[in-house]
Amino acid sequence: MDMAEESTGISAVSIVRDMRTDQLNILWIVTLVGAGIIAWLSLLLVGEDMSQLGSILKPTLVLVIGSLATRGLLKRDLYQLSAWAFLLSHVLSVALFMASPIEVVADTAPFMFPMLISLAGLILTPVASVILFAISVLAIVATPWLLQGELLITPLRMGAITLSLVGTVLAVLTAGELYSVAAWSLVGYTKARERAEELRQSREALKRSLKVQEELNRRLRETNEELKIARAAADEANRLKGQFLANMSHELRTPLNVIMGFSETILNYPEMYDGVRLPEPYYQDMQQIFNSGQHLLHLINDILDLSRVEAGKLDLRLEEVDLKPIFEGTMSILIGLTKDKPIELIKDWPDDLPTVYADAVRIRQVIINLFSNAAKFTQEGHIALRARYDDKHVVVSVEDTGIGIAPEHHEAIFEEFRQVARYTGGQRNVGSGLGLTISKRLIDLQEGRIWVESELGKGATFHFELWRYDAWVAEHPEPQEHDKLRQVAPEHQREQT
Ligand code: ADP
């Protein structure tokens, strides 16, 4: 079995057999028709002399029976038998024709043999041709011998035998050809089938991947749809939250301003009450009311700031900023924050500190947040404000000698409402846990970063890094980027601390 047979399950032999079956199917029909014509011609030939009719009808009948037998055997899929039935019925018929008393018929009949022999090669094997040749020679020689009792080889019969021999040789050759043609067409057929199979498979694969693609597209559409709805809901929730916080802080600040205004007046401006001072026991409590009011105001401002950052509604004016005046201004606030404690304040920044790309108001807010933490958590030692720069950034640091922060809390303190130490040196930590969160968001918005270096008990240093203005411009050549105004919601008033 060769490669083509292995992959297709068919062989040259089976192709040849299929071709021969088709041929044989045609042949028996042709023979039937031929038999009909012979019968008709013989009726014309014999004319009045009915005695000779039998000698022609007998072989014709043999042909009809042979053809029907061929058909029956073919139907039963008995190819070899059917082919032999076909050939032998013809041989018998020819032999009967040879025995005909009509001389023309008897003389021409043997010339059918070469044709039968060639047919044998076509519908069976070359060997069948040879066998049929032998049978034909026997028939040509034996028939007259049986009929007349003598071996009479006429020149015509010699001619028939010679032609039969030629027919045999031709049959052997063409049958061989037939095999090679079949083998050749088999290779072509196999290749075509393989190609068709490949094509079918790749079409299937394409169909599958199209289906997958369709499914993915459908899911993408669904997800997009869901995303849209979710985003709309989130936007609405955020808007409501912002609205609520803005309203609430306004509502809270109005009575708070009344409380703080009156308590401050009572404490500091007795002339408003015709010089009558508050009795000492009340004075302390009034001071407490004022302090608590101030704390509450900080808290409200922090919450408002954070909600604005989160809603993306915080105004931010990013431009070229000189840090030194901000440093000076905030240092004076730090003096106020630490006045009761033995804390040295250190200023440490170079005179040629480059300008930065930032929002001056927000930088001030961050430094004040860091200062108030440093002042809150430091009882003695020093608090330093330092600044350093390289060719791209300026790093500002607030360093204290306070209680410090354990490394495992370095990340967490920048999260909302995180307080590591609630009590410091017996004094309650009065923060909101929002200062560092807001500071981090503000620095992030200014394309900077903030981090802490600290160990428990060894003080803490908060650093934040900002872009040098010249470096920022160099990296962002588009002019509109330089003094970018991040003003998402101009209707919001800027909060000043
Ligand atoms: P709070 O308003 O409580 O100070 P922050 O967000 O500013 O909120 O700080 C969060 C927590 O980080 C503080 O509660 C404190 O535990 C810790 N922390 C911040 N700054 C310092 C510091 N300089 N020294 C020690 N701990 C600090």
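The values are calculated or read from the model by the stated rules, or taken from the named source; none is laboratory data. Because the structure is predicted, anything quoted here is derived from the model rather than measured. Here the Cβ positions follow ideal geometry from the backbone for every residue, glycine too, while neighbour counts run over all protein chains shown. These area figures cover heavy atoms from the full protein model, side chains too; ligands, DNA and RNA do not enter into them. Shrake-Rupley method; radii C 1.70, N 1.55, O 1.52, S 1.80 Å.
Brief remarks follow.
- Cα-based helix-to-principal-axis angle, 112-123 vs the chain, degrees rounded to 10: 20 degrees
- Close amide H pairs (under 5 Å, H built 1.01 Å from N) link residue 393 with 468, residues at least 5 positions away or on another chain.
- Accessible area of the chain belonging to carbon and sulfur atoms, whole % at 1.4 Å probe: 61 percent
- Dipole check for the chain: with +1 at the C-beta of Lys and Arg, -1 at the C-beta of Asp and Glu, and the Cα centre as origin, the magnitude is about 2200 Debye.
- Value in Å of the Kirkwood radius, where the chain supplies the Cα pairs that are averaged: 34.2 Å
- For segment 314-328, Karplus couplings with θ = phi - 60° (6.51, -1.76, 1.60), whole Hz, Gly/Pro x: 8, 6, 9, 9, 8, 7, 6, 10, 8, 6, 4, x, 5, 4, 4
- Average accessible area per residue (Å²) across segment 149-293 - probe 1.4 Å, nucleic acids and ligands excluded: 76 Å²
- Environment charge of residue 235, counting only residues whose C-beta is closer than 11 Å and scoring Lys/Arg +1, Asp/Glu -1: +3
- ³J(HN,Hα) computed for each position of segment 336-348 - Karplus, 6.51 cos²θ - 1.76 cosθ + 1.60, integer Hz, glycine/proline x: x, 6, 10, 4, 8, 10, x, 10, 7, 9, 10, 9, 8
- For the pair residue 233 and residue 254, a Förster radius of 25 Å applied to the C-beta separation gives a FRET efficiency near 0.20, rounded to the nearest 0.05.
- With respect to the chain, whose longest principal axis is taken over its alpha-carbon atoms, helix 360-377 is tilted by about 70°.
- Length gained on full extension, residue 241 to residue 187: 11.6 nm, using 0.36 nm per residue less the C-alpha separation.
- Within the straight-line cut-off of under 16 Å between alpha carbons, the aspartates and glutamates reachable from residue 324 are 348, 351, 352, 359, 465, sequence neighbours fewer than 8 places apart in one chain being disregarded.
- Among beta bridges identified by DSSP and lying wholly in the chain, the antiparallel ones come to about 80 percent.
- At 1.306 mPa s and 10 °C, Stokes D of segment 331-417 from Kirkwood alpha-carbon radius, µm² per second: 111 µm²/s
- Length released on extending from residue 416 to residue 52, taking residue separation times 0.36 nm less the Cα-Cα span: 118.3 nm
- Between 0 and 90°, nearest 10: helix 126-148 axis offset from the chain longest Cα axis: 20 degrees
- Charge sum, other residues only, whose C-beta stays under 14 Å from residue 221's C-beta, Lys/Arg counted +1 and Asp/Glu -1: -2
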